[in-house]
Amino acid sequence: MRHKVMGVINLIHETDELERLTAGRALATVPFGARFRLIDFALSSMVNSGISHVAVFAHTKYRSLMDHVGSGQSWDLNNRQSGLFVLPPATDDIQELSRGDLYHFYQHRDYFHRCKHEYVVITRSHMVCNINFDQIIHSHIEREADITVVCKQHDKPFKGKARKIRMEEDGRVTAIQDHYGRMNSDISSMEMYVMRKELLMELVETSLAGGQDHLVRHAILSRLDKLKVYGYLHEGYLGIVNTIEAYYEHSMELLKPEVWKKLFYQPGPIFTKIKDEPPTRYLEGSKISHSLVANGCRIEGTVENSILFRGVHVEKGAVVKNSIVMQNGTICANSALQYSILDKDVVIESERHIRGVERSPFVVGKRKVI
Amino acid sequence: MKEMLWMNLKEMIAMLLAGGEGKRLGVLTRDLAKPAVYFGGKYRIIDFTLSNCAHSGIDTVGVLTQYQPLELNRYLGIGSPWGLDRRDGGMTILPPYVKKKGGDWYKGTANAIYQNMGYIERYNPEYVLIISGDHIYKMNYELMLEHHKKCGADVTIAGIEVDWEEASRFGVMHIDDEERITAFEEKPKSPTSNLASMGVYIFTWSVLQKYLIYDEATKGSDHDFGKNIIPMMMRDNKRLHTYLFKDYWKDVGTIESLWEANMDLLKEQAPLELADPAWRIYSVNPNQPAQYIGDSAQIRSALITEGCMIEGTIEHSILFNGVHVSKDSYIKDSVIMPNVRIGEGSKIYRAIIGEGAVVQDGVVIGSPLGDDITVVAVDQYISNEYVLQEGVVHEA
């Protein structure tokens, strides 16, 4: 696996409807699950599957991405035999920035050529899951597929936006449609593709030369009849986190112990940047139930059905319910918070009552004081 | 000494004594050196001294290990968590070793430094800081060095006022108006001062070097700083100064003091602030998901770390990473070390539960009215019928 497969996390034109949460950061670095960032799931899954070379195709607002992934140390990607490569757009012309991923892949083709790996796994950052790529590569080779796309069969309508896929009994993909299409299918694409590096480079060069700009929408969709594209059904948990509603719903699902255990531990642990926060302190008089709490918090008030990131302070008499409070948020004394999402460093002053509704949580931007 | 032009010379390097067995910690140090014992919900004892070094601008630390070093060595690695993976200096683990003619275990604290004079000479520092990995405190050694230089001292010993009853456990000092030490007694039976040595020394290296060589040649010496080197320097009328430390400092050498120091962290105004962003205590982070607090959980006064899953009641206790506490269980005044499983309906009072122990359903450990601390050793499996039997649960 280590010598055979390289990873690409493609952040170019990711569907992003996270509003204020992505005002200053890429979708990939949206905080999720009390201490993680969205990209941690793809990165950790790759590393746990034995992939030791990972390229992140950064696109816009990638300052927080550089800060978060650093040298890749937290994922063990910074040693002699491994590497994390953050590749921002390489272009002189600002207009070229808006071009599709094929253009950017082409700009960085040297990177692909230099790597000796035979296969490429391409993923996005907003598919929250814990997945082993080893099995997918095996099935890819076994079925002699040209491209394997990882999909999820849903037993109920899902939040978030994803392409729909139709496939035959044997897994052969016959149709893929963008999320707004009318095709009737309970299978959605997880935007994870496995193919030979040779094929990827061929798709990049011929499609781009033929006036096409996007890997999936153009290069793959227009070749569904020529290439053997197979679907691989992922059995584990999946959160498609690219809308506020989906963000809230999938965050709250982490409060189910079976989801917590599965998503964070199986098949491998999810890693993130370490912060050296002390253990969380619960003081006399605090009340807490059904919540997810990261380290470094100080709880003096009441917390129910909520998610607290690192370093959150809930003061005396404050009540936090059904909410998500990101890093270093402070809920001052006697305030109440319901159905809200607070970005990092938000302060809710004392005696304030903030309330959203379940279908549309109240979102507060970074560093706001209310 | 070869001149090494490519290397920045160090003004002060630290020698950290981490070979202690910690006999009085009983089963907690059966397979573990004392500095590697868990403390404070996330840390190991040695994290405090290493973090002090990091925050005091000390980038060269020799860690002297001897007793049960496997776990400690694994934990320390190349010192990255404390910023000690450096091009010049950084952390070096210094175990006893075999030489051309023989070789020996570390016979005492001074002998341990003596055997590693080569390491110190390599950096040829002006000052050497001697510390041990057994104490819980936050201290800026840079300020102590300034004091040492200001006094023109040959050695500066950090001192703290302790309770009189405790004084006989330490080396105690008498000082004059200028904080110069006028008398030093190691573990006196009836102490005449309560100013105790914290076991933190800054030596002017050229002076220490002579005394180490001299002490090594002295027959019958215990090769110990408190017992031999310091009294010898007193006799020779060297300049011994004290540096008064007024903050929190705790020797966690016994089960009781380890338990107490943990409980200190739970006080409303904790005497040792772990959450100070300017003085983070660094440690190897376990990197586990955020703690999950279930529907039926009740938590009153606690320190809890990532990876925990809490469904029972926690009162005035400290839980390390990855502890699972099942429904209807009750934990009070206890320290639960990493990856412990506590079964349904179990009750734990005033206990220290070792790493990886499994406490089955309905087990009672300790008693609600008891004063003694119950200790469960590492990886013990405590099922209902074995409760309090010898060898499984160790009572203090």
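Below, the figures for the structure above:
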{"read-out": "Criterion violated by B:LEU319 - all others in (1) surrounded by 23 or more Cβ atoms within 10 Å (Cβ to Cβ); (2) at pLDDT below 95; (3) at the interface with another protein chain (Cβ under 9 Å from one of its Cβ atoms) satisfied", "value": "(2)"}
{"read-out": "Failed item in (1) assigned to a loop (DSSP other than H, G, I, E, B); (2) surrounded by 15 or more Cβ atoms within 10 Å (Cβ to Cβ), with A:CYS151 passing the rest", "value": "(1)"}
{"read-out": "Which numbered condition B:GLU216 misses (of (1) closer than 30 Å to B:ASN116 by Cα; (2) without any contact (Cβ under 8 Å) to a residue 12 or more places away in the chain; (3) not polar (S, T, N, Q))", "value": "(2)"}
{"read-out": "In the stretch B:267-283, the residues that are within 9 Å of chain A (Cβ to nearest Cβ) and farther than 27 Å from A:GLY285 by Cα", "value": "B:TYR282, B:SER283"}
{"read-out": "Candidates B:GLU121, B:GLU178 - the one that is outside any strand (DSSP E or B) and surrounded by 13 or more Cβ atoms within 10 Å (Cβ to Cβ)", "value": "B:GLU121"}
{"read-out": "Wholly enclosed strands (runs of 3 or more DSSP E) of the stretch A:255-370 bearing at least 2 residues more than 27 Å from the chain's Cα centre (by Cα) and within 24 Å of B:PRO277 (Cα to Cα)", "value": "A:280-282"}
{"read-out": "For B:ASN262: the one exception among (1) touching a residue at least 24 places away in the same chain (Cβ under 8 Å); (2) surrounded by fewer than 19 Cβ atoms within 10 Å (Cβ to Cβ)", "value": "(2)"}
{"read-out": "When residues of the stretch A:273-297 are limited to those that are more than 7 Å from every other protein chain (Cβ to nearest Cβ) and not small (Gly, Ala, Ser), the one nearest to A:CYS129 (Cα to Cα)", "value": "A:LYS273"}
{"read-out": "Some residue of the stretch A:323-330 being touching a helix residue (DSSP H, G or I) at 6+ places or on another chain (Cβ under 8 Å), surrounded by fewer than 23 Cβ atoms within 10 Å (Cβ to Cβ) and more than 8 Å from chain B (Cβ to nearest Cβ)", "value": "no"}
{"read-out": "Meets criteria (closer than 29 Å to B:ILE131 by Cα, in a loop (DSSP other than H, G, I, E, B) and polar (S, T, N, Q)) for B:SER283", "value": "yes"}
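Residue by residue, here is whether (1) over 30 Å from A:LYS261 (Cβ atoms); (2) modelled with pLDDT under 95; (3) of a type in the set (Phe, Trp, Tyr); (4) touching a Cys at 6+ places or on another chain (Cβ under 7 Å) holds:
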position: A:ILE136; (1), (2), (3), (4): no, no, no, no
position: A:VAL149; (1), (2), (3), (4): no, no, no, no
position: A:GLY160; (1), (2), (3), (4): no, yes, no, no
position: A:SER188; (1), (2), (3), (4): no, no, no, yes
position: A:VAL194; (1), (2), (3), (4): no, no, no, no
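Okay, residues lined up against (1) out of contact with any Cys (no Cβ under 7 Å at 6 or more places or on another chain); (2) within 22 Å of B:ARG30 (Cβ to Cβ); (3) modelled with pLDDT under 95; (4) within 11 Å of chain A (Cβ to nearest Cβ):
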site: B:ASP295; (1), (2), (3), (4): yes, no, yes, yes
site: B:ILE299; (1), (2), (3), (4): yes, no, no, yes
site: B:CYS308; (1), (2), (3), (4): yes, no, no, yes
site: B:SER346; (1), (2), (3), (4): yes, no, yes, no
site: B:VAL359; (1), (2), (3), (4): yes, yes, yes, no
site: B:VAL363; (1), (2), (3), (4): yes, yes, yes, no
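The values are calculated or read from the model by the stated rules, or taken from the named source; none is laboratory data. Fair warning: this is a prediction, and the values are worked out from it, not measured in the lab. With ideal geometry, Cβ positions are generated from the backbone for all residues, glycine too; neighbour counts draw on all protein chains shown.
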